[in-house]
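One structure is given here, and the rest of the page talks about it.
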Amino acid sequence: AQKITQTQPGMFVQEKEAVTLDCTYDTSDPSYGLFWYKQPSSGEMIFLIYQGSYDQQNATEGRYSLNFQKARKSANLVISASQLGDSAMYFCAMREGPKGYGNNRLAFGKGNQVVVIP
Amino acid sequence: NAGVTQTPKFQVLKTGQSMTLQCAQDMNHNSMYWYRQDPGMGLRLIYYSASEGTTDKGEVPNGYNVSRLNKREFSLRLESAAPSQTSVYFCASLVERQLQAFFGQGTRLTVV
């Protein structure tokens with residue numbers, strides 16, 4: 001069964017506008033972590049933001065914030081004030097297993113394509 | 001620079017040939033991973049290793065073998081390459097306290 005679901009089709013976003021990328025996940029483990037990565041056309045994987053399952057507050061990193069709704073198993077990424085350089089594929093990922101416990105399986109969704117237009 | 005190093009960056013194989021993709025990290029991470037990326041499929045986990053000497057199957061392990069030689073190195077072997085294994089392969093490592101996984105630059109493999 002798919003653990004991470006990203007179902008939005010490719011998105012076009014106007015420069016300087018905000019964009020929300022949806023991610024839902026499935027786990028029965030009470031301890032897990034959620035990540036977002038960016039993959040530009042050059043192909044490298046760039047870490048954006050992390051949210052732990054026990055974190056009380058939503059994670060923020062500069063223009064990136066994570067809207068974490070634990071009961072709904074949702075971890076949406078919000079990019080504020082989009083820039084042309086934000087055009088990329090965005091991946092949501094989940095680590096299962098307690099932080100610090102060696103056996104951490106890390107699963108990715110299929111990604112969301114974002115194109116920022118001037 | 002510290003990080004995850006994958007070799008080679010590009011490779012073309014003929015059907016039936018074998019090869020090993022190498023991955024090394026110098027960050028003293030316990031967990032290491034191999035993924036393949038295909039258009040529209042995201043990153044699919046092939047194998048992972050929670051620590052030196054242990055490996056576990058991921059989502060798409062068929063046709064691959066792995067070896068966690070030591071804490072630094074985690075190799076992926078294709079014993080008899082098939083065109084269906086044409087893909088971009090990524091190695092990653094994770095240390096829990098740093099709360100992020102680090103990726104290699106990827107290997108673009110074509111099997112003809």
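The values are calculated or read from the model by the stated rules, or taken from the named source; none is laboratory data. Every value quoted in this text rests on a predicted model; they were computed, and no experiment measured them. Cβ sites come from the backbone with ideal geometry, for glycine too, and all protein chains shown count toward neighbours.
Key figures
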| quantity | calculated |
| --- | --- |
| Only listed residue being more than 10 Å from the chain's Cα centre (by Cα) and surrounded by fewer than 14 Cβ atoms within 10 Å (Cβ to Cβ), chosen from B:Ser51, B:Ser80, B:Ser87 | B:Ser80 |
| Looking only at segment A:1-11, and only at residues there that are in contact with a strand residue (DSSP E or B) (Cβ under 9 Å, 6 or more places away or on another chain) and farther than 14 Å from A:Tyr90 by Cβ, the one that is modelled with the lowest pLDDT | A:Gln2 |
| Check on B:Ser75, free of Cβ contacts under 8 Å to residues at least 24 places away in the same chain, in a strand (DSSP E or B), more than 11 Å from chain A (Cβ to nearest Cβ) and farther than 21 Å from A:Gly33 by Cα | no |
| Segment A:33-61 - residue that is aromatic (Phe, Trp, Tyr) and surrounded by fewer than 21 Cβ atoms within 10 Å (Cβ to Cβ) and, of those, farthest from B:Val88 (Cα to Cα) | A:Tyr54 |
| Unmet criterion (only one of (1) more than 14 Å from chain A (Cβ to nearest Cβ); (2) surrounded by fewer than 19 Cβ atoms within 10 Å (Cβ to Cβ); (3) touching a Phe, Trp or Tyr at 6+ places or on another chain (Cβ under 7 Å)) for B:Tyr64 | (2) |
| Segment B:11-38 - residue that is assigned to a strand (DSSP E or B) and among the small types (Gly, Ala, Ser) and, of those, farthest from B:Ala82 (Cα to Cα) | B:Ser31 |
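Here is a yes/no grid of residues against (1) out of contact with any Lys or Arg (no Cβ under 9 Å at 6 or more places or on another chain); (2) more than 10 Å from every other protein chain (Cβ to nearest Cβ); (3) at pLDDT 95 or above; (4) surrounded by fewer than 19 Cβ atoms within 10 Å (Cβ to Cβ):
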residue	(1), (2), (3), (4)
B:Lys14	yes, yes, yes, yes
B:Gln22	yes, yes, yes, yes
B:Asp26	no, yes, no, yes
B:Asn30	no, no, no, no
B:Gly42	no, no, no, no
